[in-house]
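**Q** Next up is a structure, given as structure tokens.
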Amino acid sequence: MKIVLGVGAGIAAYKCCELVRLLTESGHEVRVIPTPDSLRFVGAATWAALSGQPVSASPWDDVHEVPHVRLGQAADLVFVAPATADLLARAAAGLAPDLLGNVLLTARCPVVYAPAMHTEMWQHPATVANVATLRGRGALVLEPASGRLTGSDTGPGRLPEPAELYQVARRVLARGTADLTPDLAGRRVVVSAGGTREELDPVRFIGNWSSGLQGYALARAAAARGAEVTLVAANTGLADPAGVQVVRVISAGDMHDAVVKAAAGADAVVMAAAVADYRPASRSDAKLKKADGPPDPIILTENPDILRELSATRLHPGQVVVGFAAETDDLLANGRAKLAAKGCDLLVVNRVGNGLAFGTADNEAEILAADGQRTSVPRGPKEDLAEVIWDSVAARLA
Ligand code: CTP
């Protein structure tokens, strides 16, 4: 697909370097159109090298190719990030002082704005009115994330992380802006992510390879679809998704307590975390020393099975419970047996090992339902699998 990335003159322009990489690596042709002032933050050479495409901020370059009309007409998506207060005002007024302004007037594809500015600017009545105007014309204007802004102030105005912008771009390309109704609005959901660690002593643990990428993609997708999301994250190095409440845990026991607490009153719980089935029966308070010789055989004791407990107790009427199964062999047979044993509504079965699933950007899965339905999701970004899982959950909630 052809994507125009319009870059406004905000310091958050640097985050869009990663966005270009994510979009090009997933096979899209990205044409970066910076505003002239944004080149003070990130230069044209960076955009050209990352996108592999020519970069210009002015409609007066390559005039014979009529870029001010052609680029907008040919685009499948125009994504503006960071959208400054000034850029939003110009877009709302239909001004075209630069190439991006022209492209915004000629594009007939979905247009997404990702605003980033100081809180006062975002909340100024002029900006509020401009955002309403653009939304009224069918553009998708994202809510900025809250947090640390340039300088020492904090508040709403941050550009969401590149992975979040990427997920929005993928959703809009797949569904268009008209079909972005927040179908999980008013719903509370809980997602677990990452891999639990069971301590042997203050420096060592038994763990697993889960990166948390799939769980974070699920949390971001649910937030984008309007849900109030609690993400229980075990040992991930990933940035908190915008608009998501993140609870950090270490062990399976911690995760049990955090998930059960958040699941009370939740419409859906998705257990994407890799939870240790067993933990060492005892933990040494002092570091185990090599000089003391190899430790005695490590005695393991069973952890609570959170998914099974949630499925059996259903902490909220009509709650949809979703499990994951990471399997190396006999995916469907093992998956069906696990779905029955755990008692959940949906089980997402994916193949692991030999470079698949753990830590990768891609996943493929079979979604098995207790009512016998089966959905095959071909290999693709974890964001896509996340959307299909929420489609299945939303259908069951409705
Ligand atoms: N799970 C859980 N609590 C545990 C272990 C697992 O909630 N103590 C959840 C995981 O989050 C996942 C699902 O159960 O959603 C499947 O986990 P898995 O470890 O594959 O299942 P097991 O029953 O442990 O089966 P296996 O024999 O394959 O280890």
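**Q** Take the Cβ-Cβ distance between M121 and D296 as r, set R0 to 56 Å, and report the resulting FRET efficiency rounded to the nearest 0.05.
**A** Efficiency, from the Cβ-Cβ distance: 0.35.
**Q** Let me ask another. Once you put a point 7 Å from the Cα of H316 and another 7 Å from the Cα of S282, both along the Cβ direction, what distance in nm separates them?
**A** Result for the modelled spin labels: 4.2 nm.
**Q** Another question, then. In the chain, with Lys and Arg counted as +1 and Asp and Glu as -1 at Cβ, which of these residues, W390, A145, V259, has the Cα nearest the positive end of the dipole, that is, farthest along it?
**A** Farthest towards the positive pole: A145.
**Q** Given H placed on each backbone N at 1.01 Å, which residues far from R31 in sequence or on other chains put an amide H within less than 5 Å of it?
**A** Counting only residues 5 or more places away or on other chains, the set is I3, V4, L5.
**Q** Counting only DSSP beta bridges with both residues in the chain, tell me the antiparallel percent, nearest 5.
**A** Given both bridge residues lie in the chain, the antiparallel proportion sits at roughly 30 percent.
**Q** Related question: Which value, in debye to the nearest 20, gives the size of the charge dipole of the range 188-397 about its Cα centre, when Lys and Arg are +1 and Asp and Glu are -1 at the Cβ?
**A** In total the dipole reaches around 200 debye.
**Q** May I pose another question? Rounded to the nearest 0.05, what FRET efficiency do A89 and I11 give with R0 = 25 Å and r taken as the Cβ-Cβ distance? Could you check?
**A** 0.85
**Q** Further question: Percent relative contact order of the range 13-122, based on C-alpha pairs within less than 8 angstrom and at least six residues apart?
**A** Reported as a whole number, the value is 27 percent.
**Q** Using the alpha carbons of the chain, what is the convex hull volume per residue in cubic angstrom, as a whole number?
**A** 171 Å³
**Q** Give me the dipole magnitude in Debye, nearest 20, for the chain about the Cα centre, with unit charges on the beta carbon: positive for Lys and Arg, negative for Asp and Glu.
**A** Charge dipole, the chain, about its Cα centre: 320 debye, nearest 20.
**Q** Over the range 1-150, with a single point scatterer placed on each C-alpha, what log10 of the ratio I(q)/I(0) does the Debye formula yield at q = 0.19, 0.22 1/Å?
**A** Values returned for q = 0.19, 0.22 Å⁻¹ are -1.17, -1.55.
**Q** While we're looking at this one, here's another question. Rank S376, G237, T46 by how far each Cα sits towards the positive end of the charge dipole of the chain (+1 on Lys, Arg Cβ; -1 on Asp, Glu Cβ) and give me just the farthest.
**A** Towards the positive end, the residue furthest out is T46.
**Q** So, in nm, how far is label T24 from label S152 when the simple model puts each one 7 Å beyond its Cα toward the Cβ?
**A** 4.0 nm
**Q** Compute the FRET efficiency between A333 and T360 as 1/(1 + (r/R0)^6), taking r as their Cβ-Cβ distance and R0 = 22 Å, and round to the nearest 0.05.
**A** With R0 = 22 Å, the Cβ-Cβ based efficiency is 0.35.
**Q** Moving on. Along Cα→Cβ, 7 Å out, is where each label goes; now give me the distance between the ones at A264 and E65 in nm to one decimal.
**A** Here the modelled spin labels are 6.1 nm apart.
**Q** Still on this structure: Can you pull out the chymotrypsin sites (Phe, Trp or Tyr not before Pro) in the range 10-107 whose DSSP state is coil and whose Cβ has at most 15 other Cβ atoms within 10 Å? The partial results should precede the final answer.
**A** Numbers: sites: Y14, F41, W47, W60, F79; in loops: F41, W60.
Of the chymotrypsin sites (Phe, Trp or Tyr not before Pro), the ones in loops of the range 10-107 whose Cβ has at most 15 other Cβ atoms within 10 Å are W60.
**Q** Summing +1 for each Lys or Arg and -1 for each Asp or Glu, what net charge is found among the other residues whose Cβ lies under 15 Å from the Cβ of L19?
**A** The answer is +1.
**Q** Using alpha carbon centroids, what distance separates the range 73-130 and the range 172-226, in Å?
**A** Centre-to-centre (Cα) distance: 29 Å.
**Q** Enumerate the amide H contacts of V249 below 5 Å, restricted to partners 5 or more residues apart or on another chain; note that Pro and chain-start residues carry no placed amide H.
**A** It is A233, A234, N235, by chain and number.
**Q** Near D98, within a Cβ-to-Cβ distance under 15 Å, what is the net charge of the other residues, with Lys and Arg +1 and Asp and Glu -1?
**A** Values: positive: R31, R40, R90; negative: D37, D61, D62, D86.
Counting the neighbours of D98, the net charge comes to -1.
**Q** Please give the calculated 222 nm ellipticity per residue for the chain, where each DSSP H segment of at least 4 residues contributes -39500 (n - 2.57) and the sum is spread over every residue; nearest 500 deg cm²/dmol?
**A** -10000 deg cm²/dmol
No lab work stands behind these numbers, since they all come straight from the coordinates. Because the structure is a prediction, the values reported are computed rather than measured. FYI the Cβ positions are ideal-geometry reconstructions off the backbone, even for glycines, and counts take in every protein chain you see.
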